[in-house]
Amino acid sequence: MKERLANLIFPNVDKTVEEYINTYKPRDLKEGAHVVRYAPSPTGFQHIGGVYAALINERLAHQSEGIFYLRIEDTDQKREVKGAIEDTIQTMYNFGMEFDEGMIGEEESKGAYGPYRQSLRKEIYHTFAKDLILKGLAYPCFCTAEELNEIREKQMAEKITPGYYGKYAVYRNLSDEEAIKKIEAGEEYILRLKSPGKEENRVEIVDLIKGELSLPENVQDIVLIKSDGLPTYHFAHAIDDALMHTTDVIRGEEWLSSLPIHLQLFDVLGFKRPNYAHVPTIMKSENGSKRKLSKRKDPESAVSYYREEGYPQVCVIEYLLNIINSSFEEWRAENPDVDYHEFKVSLEKMSKSGALFDIVKLHDVSKNLICKMKADEVYSRYTEWAKEFDPEMYALVTAKEDMMKEVFNIDKEGPKPRKDFGKWNEVKAKIFYFFDEEFDKEGKEDIELPKTLTLEAAKEVIESYSKAYNHNLESQEAWFEHLKALAIELGYATNRKEFKAEPEKFKGMVSDVAGAVRAAITHRANTPDLYTIMQILGEDVVRERFQKFMNL
Ligand code: GLU
């Protein structure tokens, strides 16, 4: 009778579970190699938490000479977005992660354990489901939505665990004959697990991040195959991870509560359980409390944010490594120039609770990395970003490539390189004065003067300075000595001490004169070395800037 029922439900299954098990042979990898996966649903939105989880998987696989593969979990077809698979692949690639196996496009895949897209694995799930029916471990359930609601309401009224289990599982003990009759009469149904769990039992497991866990055994007759013929995530992942020989399921901790279901499914299906590691959710600190990074409230939750703002991907990765293992920071300090791939990610060392995501810290990490990049690299990365996000600057900067490389090289070679940029959208505000097109857009109100100088006083300084200006002094020191001599002549004190002693005697200090020149050339109070800036701009532009300043 079971066989009739199974054949009625799955008339097209023509393989046995053994055939599948024999097809997907154990992998021939070296001892200790991890086989892990990134298994997103193609919903189109790339959350930074996805990159974070993928990175943990990718590092674990590749630092152990294992396999990192991409499996697309598209069993909920309502949520699917076109192009999401390619977007996922591209995103991970941009963040330095390459899949060894799995989907390589919407339809194509590579690797011997496919298909790697759940919607293409229907026959496999059906074969295993059919087998469970034959073993009395699965049954069709004919409950309508209304009936399920009634059950839930009753449970709520009685204050007992909601769900479809035990005596509430009305079709659990329906005879096969009855079931066959209903199906033949065209009644709709889904397939459920006949859970062997007992309420008084617990399952013990060592989670590779959370440690020893003791959880109540699953008693729910969970859905295995939905009315559209597709499996639930629970059922699909167990079969996939078993057949693909995943050694470690490393996924977000939101799945922890379903773990008893998953362990039971592995047992019922006769599969060896993989290791599980539940990754703490990325949190944000707000007004002293922690909350999840929200897709709606926090722009930094979207991966696209980093690209748009111009954070180099490698900086985001470095920051994520900081969150994954706090020891990364120390390792980085000791190994300032080593590629991050050399750092060994360890699950045991991960914090067990919410990982705190701090965009300010990320920005800092990014500044530190950008300041170490050679000028040529800064130039090429910046222009690549600007091409897409600031075409105006792209045109200006690429028209003066040589000059820009000099600009990006200012104070770079010294022992303490400047940390001007944390992301590419900050570059413009710091280099605009190298371009008349941008400089001339500014008005009087944008000019930053030394606190002690009025615009009139600054103009007077420039009046004299422009007459005395010698563009051909060949060192910063010589340039400054020259400026200082003029400042003293104009009645400015050599230094603060001298000025403080007799303030009424002086118009200000030498630094004010330098500040006036800086304002005339750049409109800013803080810039890299002014002598270098003037040399890069060239004598003509410098003199024009003096003139423009005096005309203000
Ligand atoms: N498809 C699941 C998700 O979207 C994957 C969870 C897992 O990695 O097993 O989160």
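Just so you know, all these numbers are worked out from the coordinates, no wet-lab data involved. Remember, it's a predicted structure, so these values are computed and weren't measured experimentally. Here the Cβ positions follow ideal geometry from the backbone for every residue, glycine too, while neighbour counts run over all protein chains shown.
List the lysines whose Cα lies under 27 Å from the Cα of K507, skipping any in the same chain that are fewer than 8 positions away.
Counting by Cα, and skipping residues close in sequence, K507 has these lysines nearby: K444, K451, K459, K467, K484, K497, K548.
How compact and how long is the chain, expressed as Rg and Dmax of its alpha-carbon atoms in Å?
For the chain, the Cα radius of gyration and maximum Cα-Cα distance read 33.2, 111 Å.
Report, to one decimal in Å, the Kirkwood hydrodynamic radius for the range 1-59 based on all distinct Cα pairs.
15.9 Å
What distance in nm separates the simple spin-label points at A429 and D376, each placed 7 Å from Cα in the Cβ direction?
It works out to 3.1 nm between the two label points.
Could you give me the radius of gyration and the Dmax of the range 380-426, taking only the C-alpha atoms into account and expressing both in angstrom?
11.5, 34
Could you tell me the distance between the Cα centroids of the range 89-128 and the range 354-395, to the nearest Å?
Answer, in whole Å: 32.
Tell me the label-point distance for the pair K182, K82, using the 7 Å Cα-to-Cβ offset, in nm and rounded to one decimal.
3.9 nm
In terms of the Cα gyration tensor, with a ≥ b ≥ c the square roots of its eigenvalues, is the range 299-402 rounded because a/c is under 1.5, prolate because a/b exceeds b/c, or oblate? All intermediate terms of the calculation are to be shown ahead of the outcome.
Numbers: a/c = 3.35, a/b = 1.78, b/c = 1.89.
Note, shape of the range 299-402 comes out oblate.
How large is ³J(HN,Hα) for each residue in the range 286-299, as worked out from phi by the Karplus curve 6.51 cos²θ - 1.76 cosθ + 1.60 (θ = phi - 60°), to whole Hz, x for Gly and Pro?
Residue by residue, the range 286-299 yields 9, 6, x, 10, 9, 9, 4, 5, 9, 4, 7, 8, 10, x Hz.
Give, as a single signed number, the net charge of other residues whose beta carbon lies under 12 Å from the beta carbon of R192, with Lys and Arg counted +1 and Asp and Glu -1. Could you put the intermediate results ahead of the total?
Values: positive: R172, K194, K226; negative: D221.
Value of the local net charge: +2.
Provide the FRET efficiency to the nearest 0.05 for the A468-K297 pair, computing r from the beta carbons and using R0 = 56 Å.
0.50
As an exercise, find the ratio Rg/Rh for the range 134-173 from alpha-carbon atoms, using the Kirkwood inverse-distance average for Rh.
1.02
I'd like the orientation of helix 233-243 relative to the chain: the angle between its Cα long axis and the longest Cα principal axis, in ° from 0 to 90, rounded to 10.
Roughly 90 degrees between the two axes.
Just to check I understand the Karplus step: with θ = phi - 60° and J = 6.51 cos²θ - 1.76 cosθ + 1.60, what whole-Hz values come out for the range 89-97, glycine and proline as x?
4, 5, 4, 5, 4, 4, 8, x, 10
To the nearest 10 degrees, how steep is helix 359-372 against the longest Cα principal axis of the chain, on a 0 to 90 scale?
Between helix and principal axis, roughly 60 degrees.
What is the set of long-range amide H partners of V35 at a cut-off below 5 Å, with H atoms built 1.01 Å from backbone N?
Residues meeting the criterion, in which the H sits 1.01 Å from N, are I67, T247, D248.
Compute the length gained on full extension between D436 and Y93: take 0.36 nm times their separation in residues and subtract their Cα-Cα distance, giving the result in nm to one decimal.
Here the segment from D436 to Y93 would lengthen by 119.6 nm.
Which of the pairs K297/K374; K82/K297; K82/K167; K159/K194; K361/K412 have their Cα atoms more than 32 Å apart in this structure? Numbers along the way, then the final one.
Values: K297/K374 36 Å; K82/K297 25 Å; K82/K167 42 Å; K159/K194 24 Å; K361/K412 22 Å.
Flagged as over cut-off: K297/K374; K82/K167.
Starting from the exponent 0.38 and prefactor 2.2 Å, build the expected Rg for the range 152-196 from its residue count and divide its actual Cα Rg by it.
That ratio works out to 1.38.
Which ³J(HN,Hα) values, rounded to whole Hz and listed in residue order, are derived for the range 473-485 from phi using the Karplus coefficients 6.51, -1.76 and 1.60 in 6.51 cos²θ - 1.76 cosθ + 1.60 with θ = phi - 60°, glycine and proline given as x?
With coefficients 6.51, -1.76 and 1.60, one gets 5, 9, 9, 4, 4, 4, 4, 5, 4, 5, 5, 5, 4 Hz.
When you take every Cα atom in the range 175-253, what is the radius of gyration, and what is Dmax, the widest Cα pair distance, in Å?
Just the Cα atoms of the range 175-253 yield Rg and Dmax of 16.7, 50 Å.
Search the structure for amide H atoms under 5 Å from the amide H of V203, placed 1.01 Å from N in the peptide plane, and list their residues when 5 or more places away or on another chain.
Counting only residues 5 or more places away or on other chains, the set is L215, E217.
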